[in-house]
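FYI, it's all coordinate maths here, none of it is from the lab. In this text the structure is predicted, and so the values were computed from the model without any measurement. No Cβ is skipped: glycine too gets one built from the backbone with ideal geometry, and neighbour counts run over all protein chains shown.
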Amino acid sequence: MREQLPRAAAAGVTILAGTDNDGSLLDEIRHLVRHGLTPTQALRAASTDARTYLGLPGFATGELADVVTFDADPREDPDVLANPVAVVMRGVRIK
């Protein structure tokens, strides 16, 4: 998998993160990074690439958004995803 996953991504294969094996999304992101994706690629597999694959819209001006913020950049260290600073759902802060 360490050889094939980066090759698949480079060839344009859509890589998606999921939690169907009783793990967490963070576990899946860690797994993808351990097996050759960059943190940015793994984060996209769990967020924007998944939305696109499912046919969901992206951000639109004037629309409510779901946003999660962190103290550090998860592209540098995906483990920061375990401790969000703020969570906004449909325009309302819930954490």
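In this simple spin-label model, placing a label point 7 Å from the Cα along the Cα-to-Cβ direction at both D27 and V68 gives a separation of 1.5 nm.
Given a cut-off of under 8 Å on Cα pairs at least six residues apart, what relative contact order in percent is computed for segment 4-93?
On the way: 96 pairs, mean separation 21.9, N = 90.
Averaging sequence separation for qualifying contacts and normalising by length gives 24 percent for segment 4-93.
Can you show me the helix-derived [θ] at 222 nm for the chain, built from DSSP H runs with n ≥ 4 at -39,500 (n - 2.57) apiece and divided by the number of residues, rounded to the nearest 500. Don't jump to the answer; show the numbers that get you there.
Details: 4 runs with 31 residues, N = 95.
Estimated from H runs of four or more residues: -8500 deg cm²/dmol.
Within segment 40-76, which residues have the backbone N less than 18 Å from the label spot 7 Å out from R93 along Cα→beta-carbon, could you tell me? In segment 40-76, the label zone of R93 (backbone N under 18 Å from the point 7 Å along Cα→Cβ) covers 64-72.
With a Förster radius of 30 Å applied to the C-beta separation of S47 and E3, the computed FRET efficiency comes to 0.75. Each eigenvalue of the Cα gyration tensor of the chain, multiplied by 5 and square-rooted, gives one semi-axis; in descending order these are 25, 17, 12 Å.
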